[in-house]
Amino acid sequence: MDKTDIEQTAVSTVQRRVNLTKYLSSYLSDNDKTPSWAGFIYIYNTEHKTKNNLRGRIATQIKGHNTADQSADEISFSVNVADLRNYLNDGGIFYFVVYLAENEDGTDYNTKVYYADLPPIDIMDILSACKTNQKDKTIKLKSLPLDRDLFSSCVLNCYKNCKRQESFAGKELPSIEELDKRGALEGLQMFISGYGKDHHSISSLLKTNRYIYAKVKGSPIPQPLSGTISHIVLSREIPQPVTVDGELFYTSYIEVRTSDSITYHIGNSVTMSFSESDTKCNIRFHLSNCLRQRVKDRPFIIRAVERKHFLIGSTLYAIDETRVSLENAYSPEIQKQDLDFVKMLDLQGCHDDIDLSSLNQASIANLMRLTAATLRDEPISGLKEGLPPIAVLNIGKLRFAVGLTIDGDDTKAYHLTNAIDNNNIQFAIGDDTKKMPVPLCYIYKPEDYLNICNIKFEKFLPSFQDYISNEYIYGVANEVMLRMLSAHDLATGTRKEELYDTALELSKWLKAAPEQEWDYSISLINYLQIIKRKRKLTDAEENEIYELLSKHETRDEIKFGAHLLLGDEKQAIFYLNRLSPQAQEEIKSYPIYNLIHGSNLT
């Protein structure tokens, strides 16, 4: 084949692929005499390819290469550097390379089309790697999707990124760190569009170049950042029922997509893998090592394997039971043991899970002990003599606060309970001459709230309400609330929310206390500092603070907190400096000091 034949065949191949789509049209030249370009691809909003529906057009170049080896999914191709500069000045290009060779009987050509979407940022990166006076540069191209809508989506996204980037062509692009340092960064954005089914947008995001844009203060235009994302994994929850013979086991599953694979995760013990090169689905059952998950997943696995199928929505997936091994973890004895372990966690008030694979022998022994004691009130023998009434039991990474009471005459045998449930433990504070009883929740320090897993927060307020209200018990409740708030500022996830909700509940109770028994100014400041950790104060709440500041008897430490809540840090520091050094250090240990520098700790 001579050069002209190759180029004409390449152009006609691309033209045919473009014109087969619902949303693209081609206006191409096959004489290879147009400098740098072969023509344009026109993009439409709908299937009606009229000028009223025209979205835009993108420049293109098409090159042919005579080769019989068309097996690769990615190729390298040399492009003239002068052409690359022209593409940059023109705002980008959609570049094609067509591999072609005569078929066996010489009646047609075998072809495979490759493409590179090259908006300005990509071209700038390519040119920046070129040496002075370099004439050609190798670029990477991917095989063009066979799906027509996905092909259209790739062209559409390239066009949109070219438009977003054209005004920045040839300019030095800032980094995220630079924008953040200048205080100009408001957020980061990615854009993706697609035609046809919803998964085409996702597929085009995974298969095309991905760009990060910065949302810059004072500018309505997204600011492109240098470079592209080389690898991306998308995970989403899909609300589809998972059933066996009409019995519902899950209401959704997790879909994880990469550029070349799709994996479904049903619960935490079943995976289904798909790939573009293989239409078959590989189903794998592997019981989770985490207790709560295996208890939830086991019934589904057993049922699905017994019935040799399951459904996701209305799609049936058959199971080859000869490839599934239901090892001894599915035995009735182990099933009951796992259920007992989970019941123990629930009764202890622990919402966490236990990874059985991470437990050493000591942790396994403690798991057995705590389960026997919690479910069957069995005494635990063989422990040390003279243990304190409240101790910590370690099971893997989890720490359980347990109450210990001696079992009759055996001083080395104990009954174990959740510490806060053990009514036999009497706890009091004070000096030797006068000890005052307090709720057991007083035992917890800020660090305990972060690492003890079986704290029953719902019992905190009722435990204080069981006492006769007085200044002393309100003071203890206030101290407990402040410890929780200090822990909240360091906690994450569910524990952070539990600490916030319980501290807020206590603060509301203190705020409603009779003024002759508890200082309202303290309860107001503490209540509002908790609120401020979630949201801005309302006008009515700020007015309460102003009213407090207007009172002559308001103390300097209260004024410090009041001004800090109002966002007047300088005035807050003024009142802090009026306190004694000892009082200042005490204030700095309180959680309200964490609000300094305008932080709301959300």
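The values are calculated or read from the model by the stated rules, or taken from the named source; none is laboratory data. What you see is a predicted model; the values in this text were computed from it and never measured. Cβ placement follows ideal geometry from the backbone for every residue including glycine, while neighbour counts extend to all protein chains displayed. Please note that ligands, DNA and RNA were not included when accessible areas were found on the heavy atoms of the full protein model with its side chains. Shrake-Rupley method; radii C 1.70, N 1.55, O 1.52, S 1.80 Å.
Could you state the accessible area per residue of the chain in Å², with a 1.4 Å probe and every protein chain left in place?
52 Å²
Run the 1.4 Å probe and let me know the accessible area of C162, rounded to the nearest 10 Å².
10 Å²
Keeping all protein chains in place and using 1.4 angstrom, which order do H286, H265, H597 fall into by accessible surface area, from largest down?
Result, largest first: H597, H286, H265.
For Cα pairs less than 8 Å apart in space and 6+ apart in sequence, what is the mean separation divided by the residue count of the range 1-121, i.e. the relative contact order in percent?
22 percent
Helix 148-165 versus the longest principal axis of the chain: what angle, 0 to 90°, nearest 10, using Cα atoms?
80 degrees
Pairwise over distinct Cα atoms, reciprocal of the mean inverse distance: report the Kirkwood radius of the range 90-202 in Å, one decimal place.
About 17.0 Å, per the Kirkwood formula over Cα pairs.
For the chain, what's the relative contact order in percent, using C-alpha pairs closer than 8 Å and at least 6 residues apart?
Rounded, it is 5 percent for the chain.
Taking the Cβ-Cβ separation of K551 and Q516 as r and a Förster radius of 22 Å, what is the calculated FRET efficiency to the nearest 0.05?
With a Förster radius of 22 Å, E is 0.85.
Quick check: at a probe of 1.4 Å, how many percent of the accessible area of the chain sits on carbon and sulfur atoms?
With neighbouring chains kept in place, the figure for the chain is 48 percent.
Calculate for the chain the 222 nm mean residue ellipticity that helices alone would give, adding -39,500 (n - 2.57) per DSSP H run of length 4 or more and normalising by residue count, nearest 500 deg cm²/dmol.
-11500 deg cm²/dmol
With only Lys, Arg, Asp and Glu charged, each at its Cβ (+1 for the first two, -1 for the last two), find how big the charge dipole of the chain is about the Cα centre; round to the nearest 20 debye.
Its charge dipole is roughly 1700 debye.
Using a Förster radius of 30 Å, what is the FRET efficiency between E378 and V256 based on their Cβ-Cβ separation? Nearest 0.05, please.
Efficiency computed from Cβ-Cβ geometry: 0.10.
Above 14 Å lies some portion of the pair distances; for the range 33-107, what is it as a whole percent of all C-alpha pairs?
Within the range 33-107, distances greater than 14 Å cover 70 percent of Cα pairs.
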